[in-house]
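Enquirer: The structure's right below; bear with me while I get my questions together.
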Amino acid sequence: MTQLDRRAFLAAAGASAAVPFAACAQTPPPRWAARATLPWAMQEIYCAVSGGRIVVAGGLRRAGGVTEIEDRTGVYDPAADRWSEGPRLPAPRHHPMIVADAAGRVYALGGYGRSDAGEWTSMTEVWALDGAGWVEAGRLPGPLAETVGVELGGRIHLASGRSPGTANGQWNDQADVATHRVFLPAEGRWETAAPVPMARNSAAGAVLDGALWVAGGRTVDGGGTGRLDRYDPVADRWDTLAPIPPSPATGQQAGGGLAMAAAGGRLVAFGGEWFAPGGGGGVFAETWIYDPAADRWTAGPDMLTPRHGLAAAAVDGVVYALAGGAVVSGGRATGVVEALRL
């Protein structure tokens with residue numbers, strides 16, 4: 001072999017040796033990362049995205065054995081990773097549904113407030129965030145809380161949740177419902193759509209591929225469910241698809257108090273709580289990612305802080321998990337914020 005041939009051979013061998021090394025280099029798997037903490041601890045909250053910012057309002061926490069209901073509004077700027085405080089709600093609320101319409105106007109609908117009958121009084125007020133304050137923007141057809149709310153096709157959908165029977169003030173006064181109400185903000189009126197296939201509360205919702213998706217939730221008698229239902233607004237029809245799997249760590253079903261957002265053509269669901277017979281239970285750290293083309297859930301990275309009663313939003317392809325309770329039930333609210341880029 002001549003010297004020239006030897007050099008060519010060694011160069012070719014070096015190039016081929018580099019190929020397996022390059023092929024082994026892979027993008028690190030996605031993981032949750034800490035972001036700026038909400039300045040006040042809160043759980044049982046929802047949120048909306050408006051103008052690239054995330055708005056949360058209301059919520060509750062337990063302090064010294066007393067339930068404190070919040071009226072504060074937080075506004076998070078993901079680009080700056082910074083919180084600011086917005087106008088306070090006209091009255092304290094927990095579990096108010098927060099939704100932005102197609103124009104970006106943010107609404108707070110229903111939820112629970114305190115009355116002479118108790119601190120779980122289901123409400124009907126609809127408030128809109130208008131400049132320097134929240135203003136009245138109508139009424140729900142009936143009391144509703146722990147529902148799923150999204151904007152879809154210029155309308156605000158509220159699906160499932162809990163509504164009172166004859167009494168209205170205590171948690172036990174409320175019953176799971178399958179109602180599906182549709183608010184037309186421009187006209188200030190309500191319509192009724194096909195009911196959710198399963199009455200439940202504390203489910204999570206998102207819009208993907210022009211449809212409303214409702215995942216998880218729980219019933220008072222039956223506990224958590226991984227059920228996934230998809231609503232087609234054109235056909236006014238629900239279809240049931242693959243459910244969220246049980247937690248491999250606990251064997252329990254993630255359902256009540258979870259959160260969900262849509263990003264990258266997929267659904268991302270995370271968190272929630274479960275109750276043990278006779279008391280106790282736990283909080284989920286798991287993240288589940290749903291591929292609508294395959295009708296399949298796969299495990300994603302665990303949240304850094306397991307939580308329930310948290311809010312979820314997606315901005316520029318990044319999913320945010322905001323605040324929530326770090327232990328089962330109302331024991332320890334947090335202001336923790338974490339972000340996940342798929």
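The values are calculated or read from the model by the stated rules, or taken from the named source; none is laboratory data. If you're wondering where the values come from, they're calculated on a predicted model, not measured in any experiment. With ideal geometry, Cβ positions are generated from the backbone for all residues, glycine too; neighbour counts draw on all protein chains shown. All accessible areas refer to the heavy atoms of the entire protein, side chains included, with ligands and DNA or RNA removed. Shrake-Rupley method; radii C 1.70, N 1.55, O 1.52, S 1.80 Å.
Enquirer: So how much slack lies between Ala80 and Arg189, counting 0.36 nm per residue of separation and subtracting their Cα-Cα distance, in nm?
Expert: Numbers: separation 109, 0.36 × 109 = 39.24 nm, distance 3.71 nm.
Net length gain for the segment: 35.5 nm.
Enquirer: A further question on this structure: How much length is gained on full extension from Arg105 to Ala36, taking 0.36 nm per residue of separation minus their Cα-Cα distance?
Expert: On the way: separation 69, 0.36 × 69 = 24.84 nm, distance 2.43 nm.
Residue separation times 0.36 nm, minus the Cα-Cα distance, leaves 22.4 nm.
Enquirer: Additional query: At what distance in nm do the modelled label points of Arg341 and Ala178 sit from each other, each positioned 7 Å from its Cα along Cα→Cβ?
Expert: Distance between the two pseudo-spin positions: 4.3 nm.
Enquirer: Could you size up the charge dipole of the chain around its Cα centre, putting +1 on the beta carbon of Lys and Arg and -1 on that of Asp and Glu, and report it in debye to the nearest 20?
Expert: Details: 28 positive and 33 negative charges, 151 e Å.
The calculated dipole for the chain is roughly 720 debye.
Enquirer: While we're looking at this one, here's another question. Show me 285-291, 321-327 ranked by packing, highest mean number of other Cβ atoms within 10 Å first. Display every interim value, and only then the final one.
Expert: Numbers: 285-291: 20.9, 321-327: 25.6.
Ranked by mean Cβ neighbours within 10 Å, highest first: 321-327, 285-291.
Enquirer: Between the helical axis of 3-24 and the dominant principal axis of the chain, each derived from Cα atoms, what acute angle in degrees is found, rounded to the nearest 10?
Expert: 20 degrees
Enquirer: With r defined as the distance between the Cβ atoms of Arg88 and Val66 and R0 fixed at 22 Å, what FRET efficiency is calculated, to the nearest 0.05?
Expert: Values: r = 20 Å, r/R0 = 0.90.
My answer for the efficiency is 0.65.
Enquirer: Any chance you could run the full-extension gain for Asp239 through Ala167? It's 0.36 nm times the residue separation minus the Cα-Cα distance, nm to one decimal. Provide the component values of the computation, followed by the final result.
Expert: Values: separation 72, 0.36 × 72 = 25.92 nm, distance 3.35 nm.
Gain in length upon complete extension: 22.6 nm.
Enquirer: For the range 64-209, give the percent of accessible area contributed by carbon and sulfur heavy atoms, probe 1.4 Å, rounded to a whole number. Intermediate results must be reported in sequence, preceding the final value.
Expert: Working: 2780 of 5770 Å².
C and S fraction of accessible area: 48 percent.
Enquirer: I've got another one for you. Go ahead and estimate [θ] at 222 nm for the chain from helices alone: -39,500 (n - 2.57) per DSSP H run with n ≥ 4, summed, over the residue count, rounded to 500.
Expert: On the way: 1 runs with 22 residues, N = 342.
Mean residue ellipticity, 222 nm, calculated: -2000 deg cm²/dmol.
Enquirer: Kindly report the accessible area of the chain per residue (heavy atoms of protein chains, probe 1.4 Å, no ligands, DNA or RNA), in Å².
Expert: Working: 14690 Å² over 342 residues.
Ligands and nucleic acids excluded, the result is 43 Å² per residue.
Enquirer: Give me the dipole magnitude in Debye, nearest 20, for the range 44-194 about the Cα centre, with unit charges on the beta carbon: positive for Lys and Arg, negative for Asp and Glu. Provide the component values of the computation, followed by the final result.
Expert: Working: 14 positive and 19 negative charges, 17 e Å.
So the magnitude is around 80 debye.
Enquirer: Here is a further query. How large is the charge dipole for the range 157-237, taken about the Cα centre, if only the Cβ atoms of Lys, Arg (+1) and Asp, Glu (-1) carry charge, to the nearest 20 debye? Provide the component values of the computation, followed by the final result.
Expert: Numbers: 8 positive and 9 negative charges, 28 e Å.
Magnitude of the dipole: close to 140 debye.
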